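The values are calculated or read from the model by the stated rules, or taken from the named source; none is laboratory data. Small disclaimer: the values here were computed from a predicted structure and weren't measured. Note that each Cβ is placed from the backbone with ideal geometry, even for glycine, and that neighbours are counted across all protein chains shown. The protein model used for the area step is the full one, side chains on, heavy atoms only, and it has no ligands, DNA or RNA in it. Shrake-Rupley method; radii C 1.70, N 1.55, O 1.52, S 1.80 Å.
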Amino acid sequence: MLKSKTLLKKTRAGGVVKIVREHYLRDDIGCGAPACASCDGPHAGPALESQPRDQASSLCPWPHYLLPDTNVLLHQIDVLEDPAIRNVIVLQTVLQEVRNRSAPIYKRIRDVTNNQEKHFYTFTNEHHKETYIEQEQGENANDRNDRAIRVAAKWYNEHLKKMSADNQLRVILITNDKKNKEKAVEEGIPAFTCEEYVKSLTANPELIDRLACLSEDMNEIESGKIIFSEHLPLSKLQQGIKSGSYLQGTFRASRENYLEATVWIHGDKEDEKEILIQGLKHLNRAIHEDIVAVELLPKSQWVAPSSVVLHDEGQNEDDLERDEERELMLKTALSEKMLRPTGRVVGIIKRNWRPYCGMLSKSDIKESRRHLFTPADKRIPRIRIETRQASALEGRRIIVAIDGWPRNSRYPNGHFVKNLGDVGEKETETEVLLLEHDVPHQPFSQAVLSFLPEMPWSITEKDMKNREDLRHLCVCSVDPPGCTDIDDALHCRELSNGNLEVGVHIADVSHFIRPGNALDQESARRGTTVYLCEKRIDMVPELLSSNLCSLRSNVDRLAFSCIWEMNHNAEILKTRFTKSVINSKASLTYAEAQMRIDSAAMNDDITTSLRGLNKLAKILKRGRIEKGALTLSSPEVRFHMDSETHDPIDLQTKELRETNSMVEEFMLLANISVAKKIHEEFSEHALLRKHPAPPPSNYEILVKAAKSKNLEIKTDTAKSLADSLDQAECPDFPYLNTLLRILATRCMMQAVYFCSGMDNDFHHYGLASPIYTHFTSPIRRYADIIVHRLLAVAIGADSTYPELTDKHKLSDICKNLNFRHKMAQYAQRASVAFHTQLFFKSKGIVSEEAYILFVRKNAIVVLIPKYGLEGTVFFEEKDKPKPNLTYDDEIPSLRVEGTVFHVFDKVKVKITLDSSNLQHQKIRMALVEPQIPGISIPPDVSDMDLKGPGGKKRKLEK
């Protein structure tokens, strides 16, 4: 049956176009109930159970299926995901509305419907002859959809009656819409609110905690006092943004001060404006990462960013007087120079809430069900939740979701989602850091795994098309110990004309991951493999990452090869790219490769190849440095784990060998060669990587620090910076040069992916290269897969597809990749920080030599070379007399009583783990030398003395 709809649409040119839409209706769509004889044929995918008996509901004791409306799906997804809820009919009408309103919820509901054990059935009611309805005159889209849901629920109940005379199966409509529920009951459809139904499941009382509180009466709190001004409706906000009276931007809460935030104003300008928001009422219930509308305050009300550290730690959940007192502390009289454009939040354009990890702060009131939840992320406000299991959740990491934030509530309201486990346990803390950094880490779905090649796998004749056989070459790989995802392998041999042939062979991941399928989409979403101290979160399934794509020794593997002909001065004479088959002759570690190069007794083909590569790499590195490439430094640590407990038993900085540099040089050369080729072929849509030059102000700290040691650092070009770092030597202080390079690293900008058609500046500052990309690690970076596809099309080895030549789509991919790489970096640092805490927990108190990296107004930031560990020594502590502190920003220096501290001064510190705050355990450092009476700690101080009142601020980064 065919229905058609005619629309008249006005074009930009002023003409009118007639659009006819055809809508097909069918009578062969199954209801999903296996016992239904009238719906013939097997059901594709998950289906309902024939006799559902799992939900023992006091409201509906008969067997039943659930049919939720759109708002239940959008707001109560945590309840629907619970194992206790099964046999749910998801209507096409509902699914389409959810898809339009929330992509994350849509993905979650698709995952649930694909789970066979949940028995969720998607019914295409919009194409079923008996359940399709047309919009009536004067009826809005929302009312039409509500009616469509009721029609489908009624049809189901009548349809299931036909199954057999004694059949008691019912379909229950779950809706929180009062009018919709009333109409359903009038039409004889069993209907309940989500809350009514969940509370009737007497066997699953814990489900009540997962209910999102949405009704107004649940959101109202006892005080009733209006704290915040009303958010303006979206229509008014859009008008205001258009007229310029309001500005749109991203709300960024402060980690250090819960009464302060900044809003980054969206705009095309390079110098994005930043507006300061100060005070609870001006913050007006905005939450970190929300898209908000702000009104700029008159200049007379502008304020300066506060230097006060304030954390919301009060027990009384509605202590507004305390907040008002603290707001006065922020308003310190300062020079006009310090004032920043200041505003207030007038409305929310888009909420960017996510589930938050943290801990329950149990209420002091006995038998209370209402408690405050403190998120691990200090930028998120505390959340009020109702739970009956507070005692069981104390001291555990839990997940909570926000439901809403009424005007008369000091905190947002939310609901309990999941119990992650005990605080401090390795598995729990790893789960927390992955969730908090938004690292996708769920097991790969069946849909994704279905696109993997069948085992046993072997190279076929079809695979050899457009591919060179290079299995005869003496190829080897050099990687860190224990590496199983081997992306790259190398070879070097002498040609008959006396020149050298050098090859970089990269795993051909794009052969296995084809554009647009579920495996490709999941890899693109993950963006990168995340390496934690004891765990690897793969971007691609293990069959590819550690087996079929990994260039292991003595097995045939598909590769993408970049081959150069060079003379003995490492000058490139020819470059070619080809898809290939290789057979690596050895998988070596850096140490093994170094041993072969250094051993006079070894002269086999692999060792000869390595020596040739090493010799050329040194020339290439020298050439890069002459052009102005930077050699910076950051202390990287390696943990040695106990083989049984897997706890860290030793902590050392990583040792870098010549072979590390050798591999790096050829990876850089391959990346640059490929970048040139893909840009040549696709000037508008090459995926490249750039590293912007830092603004001069970034270097101030480095220049001042060097000047304090009578050294000059020039920063006008990368070359002058590289040269002055090379010359900044101090014979009686050899570690000074490393410290300067560590400091220079902190001055750098973040390198980013971009699409060549959307940017003019391609330069990579750190590498002093006019063009650069990532080609050499496709097992662990999605950017490299896109680059492989571009290169394959450029050399005629593969066909193109529309998204590959769409610069806007490519730009969106780059945005996601930049976000994922940044989050992976933060997650890795958090993992190092957690394992460092575990190490010092078992080690007890340790005294070590340290160097000052930064001086602050009331503290020094030090680096301990032995552990590659950074931390802060505070000179002001709670409940202790304040010492005499004098800070000089120009030198920079800090005078504590009579002792002056400069950057790079050597000190001795005691390191201990402060566990006084379970949620934010931190490494504490106390000064041992130089000795300052009342400040320094004697060398023989006990553990208890150090765990006195803690410092204010955590600073522990890799």
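A few points about this structure:
- Index of the failed condition, LEU810 passing every other in (1) assigned to a helix (DSSP H, G or I); (2) in contact (Cβ under 8 Å) with a residue 60 or more places away in the chain; (3) open to solvent by 20 Å² or more (accessible area, probe 1.4 Å): (3)
- Among the residues of this structure, PHE416 counts as one that is open to solvent by less than 50 Å² (accessible area, probe 1.4 Å) and touching an Asp or Glu at 6+ places or on another chain (Cβ under 8 Å).
- In the range 906-923, the residue that is farthest from ALA830 (Cα to Cα) out of those that are in a strand (DSSP E or B) and open to solvent by less than 30 Å² (accessible area, probe 1.4 Å) is VAL907.
- Scanning the range 701-716 for residues that are acidic (Asp, Glu) and either in contact (Cβ under 8 Å) with a residue 12 or more places away in the chain or more than 22 Å from ALA768 (Cβ to Cβ) (or both) yields one hit, GLU712.
- Looking at VAL439, VAL504, just one residue is open to solvent by less than 50 Å² (accessible area, probe 1.4 Å), part of a strand (DSSP E or B) and in contact (Cβ under 8 Å) with a residue 60 or more places away in the chain, and that residue is VAL504.
- Hits in the range 890-914 - residues which are in contact with a Gly (Cβ under 9 Å, 6 or more places away or on another chain), within 18 Å of ILE932 (Cβ to Cβ) and of a type in the set (A, V, I, L, M): VAL909
- Test: residue in the range 722-730 that is surrounded by fewer than 15 Cβ atoms within 10 Å (Cβ to Cβ), more than 28 Å from the chain's Cα centre (by Cα) and in a helix (DSSP H, G or I): yes
- Taken together, ASP377, ASP403 contain a single residue that is in contact with a His (Cβ under 8 Å, 6 or more places away or on another chain) and over 28 Å from GLN837 (Cβ atoms), which is ASP403.
Here is a yes/no grid of residues against (1) charged (D, E, K, R); (2) open to solvent by less than 10 Å² (accessible area, probe 1.4 Å); (3) at pLDDT 90 or above; (4) not in a strand (DSSP E or B):
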{"residue": "VAL345", "(1), (2), (3), (4)": "no, yes, yes, no"}
{"residue": "ILE349", "(1), (2), (3), (4)": "no, no, yes, no"}
{"residue": "CYS357", "(1), (2), (3), (4)": "no, yes, yes, no"}
{"residue": "LEU360", "(1), (2), (3), (4)": "no, no, no, no"}
{"residue": "ILE365", "(1), (2), (3), (4)": "no, no, no, yes"}
{"residue": "SER368", "(1), (2), (3), (4)": "no, no, no, yes"}
{"residue": "PHE373", "(1), (2), (3), (4)": "no, yes, yes, no"}
{"residue": "LYS378", "(1), (2), (3), (4)": "yes, no, no, yes"}
{"residue": "SER391", "(1), (2), (3), (4)": "no, no, no, yes"}
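This table checks each residue for (1) closer than 27 Å to ILE563 by Cβ; (2) more than 22 Å from the chain's Cα centre (by Cα); (3) among the hydroxyl-bearing types (Ser, Thr, Tyr).
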{"position": "TYR753", "(1), (2), (3)": "yes, no, yes"}
{"position": "ALA768", "(1), (2), (3)": "yes, yes, no"}
{"position": "ARG781", "(1), (2), (3)": "yes, no, no"}
{"position": "LEU791", "(1), (2), (3)": "yes, yes, no"}
{"position": "PHE819", "(1), (2), (3)": "no, no, no"}
{"position": "GLN825", "(1), (2), (3)": "no, no, no"}
{"position": "VAL832", "(1), (2), (3)": "no, no, no"}
{"position": "LEU838", "(1), (2), (3)": "no, yes, no"}
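- Close contacts from the range 678-700, counting a first residue that is over 12 Å from PHE762 (Cβ atoms) and open to solvent by 30 Å² or more (accessible area, probe 1.4 Å) and a second that is hydroxyl-bearing (Ser, Thr, Tyr) and part of a loop (DSSP other than H, G, I, E, B), with Cβ to Cβ under 6 Å and a gap of 6+ residues or different chains, come to ALA693/TYR765.
- ARG829 vs. criteria more than 27 Å from LEU532 (Cβ to Cβ), open to solvent by 30 Å² or more (accessible area, probe 1.4 Å) and either among the aromatic types (Phe, Trp, Tyr) or not in a loop (DSSP other than H, G, I, E, B) (or both): no
- Members of the range 8-29 that are open to solvent by 100 Å² or more (accessible area, probe 1.4 Å), in a loop (DSSP other than H, G, I, E, B) and either more than 30 Å from LEU91 (Cα to Cα) or in contact with a helix residue (DSSP H, G or I) (Cβ under 9 Å, 6 or more places away or on another chain) (or both): ARG12, ALA13
- Looking only at the range 512-566, residues that are without any contact (Cβ under 8 Å) to a residue 60 or more places away in the chain and over 26 Å from the mean Cα position of the chain (by Cα) come to 4 in all.
- Single residue of the range 868-889 satisfying the filter (assigned to a strand (DSSP E or B) and within 14 Å of ILE932 (Cβ to Cβ)) that is most open to solvent (accessible area, probe 1.4 Å): THR886
- Identity of the residue in the range 165-190, acidic (Asp, Glu) and open to solvent by 80 Å² or more (accessible area, probe 1.4 Å), that ends up modelled with the lowest pLDDT: ASP166
Residue-by-condition table, conditions (1) of a type in the set (Asp, Glu); (2) open to solvent by 50 Å² or more (accessible area, probe 1.4 Å); (3) farther than 27 Å from TYR24 by Cα; (4) assigned to a loop (DSSP other than H, G, I, E, B):
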{"residue": "LEU74", "(1), (2), (3), (4)": "no, no, yes, no"}
{"residue": "VAL79", "(1), (2), (3), (4)": "no, no, yes, no"}
{"residue": "ASP82", "(1), (2), (3), (4)": "yes, no, yes, yes"}
{"residue": "ILE109", "(1), (2), (3), (4)": "no, no, no, no"}
{"residue": "ASN157", "(1), (2), (3), (4)": "no, no, no, no"}
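- GLU427 satisfies every condition listed in (1) touching an Asp or Glu at 6+ places or on another chain (Cβ under 7 Å); (2) open to solvent by 20 Å² or more (accessible area, probe 1.4 Å); (3) farther than 29 Å from VAL555 by Cβ except (1).
Rundown of residues vs (1) among the hydroxyl-bearing types (Ser, Thr, Tyr); (2) touching a Lys or Arg at 6+ places or on another chain (Cβ under 6 Å); (3) under 29 Å from PRO104 (Cα atoms), yes/no style:
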position	(1), (2), (3)
ASP508	no, no, no
ASN517	no, no, yes
CYS549	no, no, no
GLU565	no, yes, no
SER584	yes, no, no
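- ASN671 being open to solvent by less than 50 Å² (accessible area, probe 1.4 Å), within 29 Å of the chain's Cα centre (by Cα), under 18 Å from ILE506 (Cα atoms) and modelled with pLDDT under 95: no
- Search result, residues across the range 221-267 that are open to solvent by less than 20 Å² (accessible area, probe 1.4 Å), modelled with pLDDT of 90 or more and polar (S, T, N, Q): THR250
- Residue that is most open to solvent (accessible area, probe 1.4 Å) [pool: residues in the range 451-480 that are under 26 Å from the mean Cα position of the chain (by Cα) and within 26 Å of ASN114 (Cβ to Cβ)]: PHE451
- Among the residues of the range 879-908, those that are free of Cβ contacts under 8 Å to residues at least 40 places away in the same chain and of a type in the set (Asp, Glu) comprise ASP888, ASP889, GLU897.
- Qualifying positions in the range 119-157 - farther than 24 Å from ILE189 by Cα and within 42 Å of the chain's Cα centre (by Cα): none
- Of the criteria (1) part of a helix (DSSP H, G or I); (2) farther than 16 Å from GLY30 by Cα, which one LEU66 fails: (1)
- Residue match in the range 799-816 (condition: within 30 Å of ASP784 (Cβ to Cβ), touching a strand residue (DSSP E or B) at 6+ places or on another chain (Cβ under 6 Å) and of a type outside the set (A, V, I, L, M, F, W, C)): yes
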